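Here is the structure we will look at.
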Amino acid sequence: MSRKARVLMVMASPFKSGLAPENSIRAKAVYSNPGFDVDIMCFPIGEDIPAENVHIIRVPKRQVFKSFQVGDYIKILVFTFLMMGRLLFKKDKQYDVIFLFNASYLFFWMIKPFYKARVVATIYAPLAGEMTKWNISGNKLYYRMLQKYEKFILGKYDMLIFNIEKMLHLYLDAGYDSKQCKLILHASEKAGGVAAAKTENSNFNILYAGSFVQVQNIELLYSIAEKLKSNSSIRFTLIGATEEEYTAETNKVKSLGLTSIDIFKRIDQQLLTEYYRNADILISCRIMGDDLPFKIIEYMSWGKCILATDRPIHNLVLNKDISCLVEPDAQLMADEILNLYNNPAIRKQYEDNISKFFDDFHSFDKMRDQYSSLIEEFQLID
């Protein structure tokens with residue numbers, strides 16, 4: 001190509017430790033191609049990215065709010081409009097492609113006419129009209145806007161990217177143009193090899209790594225641990241609590257007498273790697289939500305046995321061939337843990353299946369190649 005493709009990515013945070021850590025993979029899938037000149041407009045949180053072809057644009061330059069939590073919709077809305085204002089007056093640089101992530105696509109169509117770039121929106125939530133069927137809870141403003149203006153808003157963009165095949169088909173069935181829709185499955189970098197070997201073998205370790213927000217249904221995990229109290233070899237490790245959550249949840253666990261549960265705050269990636277490596281089962285008790293559970297993609301990358309609730313939010317990416325899906329009932333899930341505990345051959349089969357599935361559909365290399373091809377295709381269109 002005669003020049004580098006100029007790309008803008010608008011997202012909450014492109015950093016692994018940021019508000020939306022799954023964005024770090026998307027950002028890397030683009031900037032890892034040295035042929036692209038990449039600007040990333042994001043909230044003022046997180047570290048720098050050590051890549052010469054990346055320029056981080058923090059909006060505003062300093063963090064106005066001391067902390068962010070998933071669900072801080074007012075803060076996110078404020079920053080979204082600040083980003084729009086920054087982009088509206090940023091006329092010193094034009095782009096070939098602008099990618100909109102998170103919920104930014106709800107509003108950024110308003111400034112699209114000021115740029116010649118092809119603008120691409122990434123869709124996370126199921127079709128607005130499907131909300132009741134999916135038994136989904138979420139921010140009321142977000143869904144009211146979707147239900148009323150979805151077709152108008154999405155029709156403004158040059159392309160819609162879907163991270164989940166089932167979600168793509170929902171939109172195609174609803175009459176969206178297949179030429180406007182593209183499937184790029186979310187990915188993660190391969191972690192530690194297939195079914196990374198344990199360095200400790202004394203306990204049967206069940207790991208949950210993620211946020212402690214209500215939608216994650218941590219209470220069910222506590223009830224499961226209660227059912228398994230008689231087996232001292234089975235231990236639960238929960239990682240990802242904020243300072244406030246850590247205090248509240250450790251007190252709750254103590255009051256329930258659940259000595260088999262260890263709770264940790266957010267920890268650095270190197271230490272988290274050790275917990276993943278020593279896990280026998282990776283668990284998710286989530287039953288509701290409005291977007292792809294990216295934690296599950298991260299789980300997949302470890303090639304470990306995954307135990308999850310058999311609900312639409314997990315069925316988006318999991319099936320019973322590659323994971324253990326169980327009704328969200330404490331006794332049923334406890335029984336399945338005992339089954340996996342007593343039958344290492346079953347765990348091994350799940351590990352083999354999930355590793356192959358990950359390599360076939362969710363590898364980072366495949367995601368990077370798809371983004372690169374899309375950007376190069378848009379750059380050739382003048």
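Values in this text are rule-based calculations from the coordinates and carry no lab data. Values in this document were obtained by computation on a predicted structure and should not be read as measured data. Positions of Cβ are backbone-derived with ideal geometry, glycine not excepted, and every protein chain shown enters the neighbour counts.
Observations
- Put simply, the amide H of ALA5, placed in the peptide plane, has neighbours under 5 Å in ASP37, leaving out anything fewer than 5 places away on its chain.
- Using alpha-carbon coordinates, inclination of helix 218-227 to the longest axis of the chain, degrees: 20
- Exposure proxy order (Cβ contacts within 10 Å, fewest to most) of TRP302, TRP109: TRP109, TRP302
- Within the straight-line cut-off of under 16 Å between alpha carbons, the lysines reachable from LYS16 are LYS28, LYS190, LYS265, LYS295, sequence neighbours fewer than 8 places apart in one chain being disregarded.
- Mean Cα-pair separation over length for the chain, i.e. relative contact order, pairs under 8 Å, 6 or more apart, %: 16
- For the range 200-244, trypsin sites (Lys or Arg not before Pro) are listed when DSSP marks them as loop and at most 15 other Cβ atoms sit within 10 Å of their Cβ; the list is LYS229.
- Acute angle (nearest 10 degrees) that the helix 243-256 long axis makes with the longest principal axis of the chain, alpha-carbon atoms: 20
- Ranking of SER232, SER255 by count of other Cβ atoms within 10 Å, fewest first: SER255, SER232
- Relative to its Kirkwood radius, the Cα radius of gyration of the range 204-361 gives an Rg/Rh of 0.93.
- Restricting the trypsin sites (Lys or Arg not before Pro) of the range 288-373 to loop positions (DSSP other than H, G, I, E, B) with no more than 16 neighbouring Cβ atoms within 10 Å leaves LYS320.
- Helix 330-342 and the longest principal axis of the C-alpha atoms of the chain enclose an angle of approximately 70°.
- Alpha carbon centroid spacing (whole Å) that separates the range 334-368 from the range 275-330: 10
- For the chain, alpha-carbon Rg relative to the globular expectation (2.2 N^0.38 Å, N residues): 1.01
- In the chain, the calculated helix contribution to ellipticity at 222 nm averages -11500 deg cm²/dmol per residue, counting -39,500 (n - 2.57) for every DSSP H run with n ≥ 4.
- As a rough footprinting exposure proxy, the listed residues THR250, THR80 were ranked by other beta carbons within 10 Å of their own, and the order from fewest upward is THR250, THR80.
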